[in-house]
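Here is the structure we will look at, set down as structure tokens.
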Amino acid sequence: DKGNYRHFMEKEIYDQPEAISDTLSHYINFLDNRVVEVSGDIAFANVQSLAISACGTAYLAGLIGKYWFERYARLPVEIDVASEFRYREIPLSPQAAALFISQSGETADTLACLRYCKEHGLKTGAVVNTRESTIARESDAVFPIFAGPEIGVASTKAFTCQLAVLAALAVAAGRARGAVTEKEEQILVERLAEMPRVMAQVLDSIQPKIERLSRELAKCRAVLYLGRGTSFPLAMEGALKLKETSYIHAQGYAAGELKHGPIALVDENMPVIVIAPHDRFFDKTVSNMQEVAARGGRIILITDEKGAAALKLDTMHTIVLPNVHEIIAPMIFSLPVQLLAYHTAVFVGTDVDQPRNLAKSVTVE
Ligand code: M6R
């Protein structure tokens with residue numbers, strides 16, 4: 001049921017504060033601000049590396065997870081899209097664990113990776129929305145995301161719930177491996193716990209601005225998204241979301257790659273969406289923005305209050321979010337990214353919930 005919303009995608013975007021709150025309640029103990037021990041058959045303390053595979057948006061969630069597992073758990077991560085992972089002949093060690101991320105739990109390539117990893121003796125874990133799914137059934141450990149049914153073909157709330165689970169797992173792995181102190185764990189958990197409230201606040205405030213901007217984007221032929229650190233996978237997610245819902249060509253790039261090719265595309269007609277919270281990469285990303293500005297590119301900056309205050313550069317539009325801890329920034333910054341895709345698609349007039357040529361669950365290779 002869409003309730004008062006025009007599309008499931010819109011409803012699912014606005015469902016996120018509640019969905020995230022549900023998800024976190026299974027992974028966090030709010031009484032002592034610790035992560036719950038959920039790793040089951042995956043002994044994070046002993047594994048030497050983690051192999052992640054998934055498709056589409058779930059893959060991009062995994063890519064953000066990689067930054068977290070490496071940073072907070074000092075656990076090396078090998079990640080690839082499932083359709084490549086399964087054929088790359090990766091030398092897999094039984095000391096590695098494997099994680100599969102899938103909203104539906106039925107994606108053919110992801111399932112094939114799971115079976116492949118099991119054959120090689122790896123312990124397996126599934127981050128899924130559907131506990132009765134094949135991927136969940138065949139995995140040693142299941143990490144449900146509790147997003148509730150996602151009907152829109154474009155994945156929104158499943159993405160942020162996958163991120164919430166991956167963040168909690170990375171902190172749990174960090175604790176198990178002695179890479180995160182109790183104090184650090186509590187700070188990270190407190191920040192995660194704030195997420196539903198911040199999400200609700202952001203969703204309440206940004207819509208009018210996003211709608212105005214989307215009206216302009218809907219007239220464009222191509223859009224470039226840039227980001228660094230965890231904002232890089234989010235840039236790719238923004239591009240994927242815009243492409244699949246509005247049929248406008250979009251590409252997400254690591255901001256540092258700009259000079260290695262994509263800057264050739266930049267002219268007065270090219271909107272460049274820069275995702276840049278005021279994190280340790282901010283100044284670097286600003287210098288990439290200067291390069292875009294110098295070539296007349298139309299910069300749409302998504303930043304936070306600190307970033308907006310520090311910026312000494314004219315942008316065409318700036319969307320300002322509250323300052324948040326870096327562990328929740330990818331989820332908070334997902335909101336404007338999703339809403340931009342949604343409203344642009346509405347202006348273009350596509351079938352937002354059921355875009356052409358796409359299926360919600362891809363059960364063939
Ligand atoms: O059900 P899954 O999470 O395994 O699906 C993976 C992709 O097919 C899916 O995320 C797809 O990329 C979405 N349409 C993106 O919005």
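Every number in this text was worked out from the coordinates using simple rules, so none of it is lab data. Since the model is a prediction, treat every value here as computed from it, not as a measurement. Heads up, the Cβs are rebuilt from the backbone with ideal geometry, glycines too, and the neighbour counts pull from every protein chain shown.
Filtered by the rule that a residue be without any contact (Cβ under 8 Å) to a residue 60 or more places away in the chain, within 15 Å of the ligand (Cβ to nearest atom) and not charged (D, E, K, R), region 236-269 gives ALA239, ALA250, GLY252. With respect to being within 24 Å of GLY252 (Cα to Cα) and either assigned to a helix (DSSP H, G or I) or of a type in the set (Phe, Trp, Tyr) (or both), GLU18 falls outside the description.
Each row is one residue, and each column tells you yes or no for (1) of a type in the set (D, E, K, R); (2) within 22 Å of SER102 (Cα to Cα); (3) under 22 Å from the mean Cα position of the chain (by Cα); (4) away from the ligand (no atom under 16 Å from the Cβ).
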{"site": "PRO144", "(1), (2), (3), (4)": "no, yes, yes, no"}
{"site": "LYS157", "(1), (2), (3), (4)": "yes, yes, yes, no"}
{"site": "ALA200", "(1), (2), (3), (4)": "no, no, yes, yes"}
{"site": "ARG212", "(1), (2), (3), (4)": "yes, no, no, yes"}
{"site": "ALA218", "(1), (2), (3), (4)": "no, no, no, yes"}
{"site": "ARG228", "(1), (2), (3), (4)": "yes, no, yes, yes"}
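Could you look through region 62-96, keep only residues that are in contact with a helix residue (DSSP H, G or I) (Cβ under 9 Å, 6 or more places away or on another chain) and of a type in the set (Gly, Ala, Ser), and pick out the one that is nearest to the ligand (Cβ to nearest atom)? Looking at residues that are in contact with a helix residue (DSSP H, G or I) (Cβ under 9 Å, 6 or more places away or on another chain) and of a type in the set (Gly, Ala, Ser), I get ALA82.
One residue stands out among those in region 193-228 that are in contact with a Ser or Thr (Cβ under 7 Å, 6 or more places away or on another chain) and over 27 Å from ALA164 (Cβ atoms): the one that is surrounded by the most Cβ atoms within 10 Å (Cβ to Cβ), which is LEU217. Residues in region 303-331 that are of a type in the set (A, V, I, L, M, F, W, C), outside any loop (DSSP other than H, G, I, E, B) and touching a residue at least 24 places away in the same chain (Cβ under 8 Å): ALA310, ILE319, LEU321, ALA329, MET331.
Going through ILE263, ILE300 one at a time, which residue ends up being surrounded by 17 or more Cβ atoms within 10 Å (Cβ to Cβ), outside any helix (DSSP H, G or I) and of a type in the set (A, V, I, L, M, F, W, C)?
ILE300
Against the list (1) under 26 Å from ALA45 (Cα atoms); (2) more than 13 Å from the ligand (Cβ to nearest atom); (3) touching a Pro at 6+ places or on another chain (Cβ under 9 Å), the condition PRO196 fails is (1).
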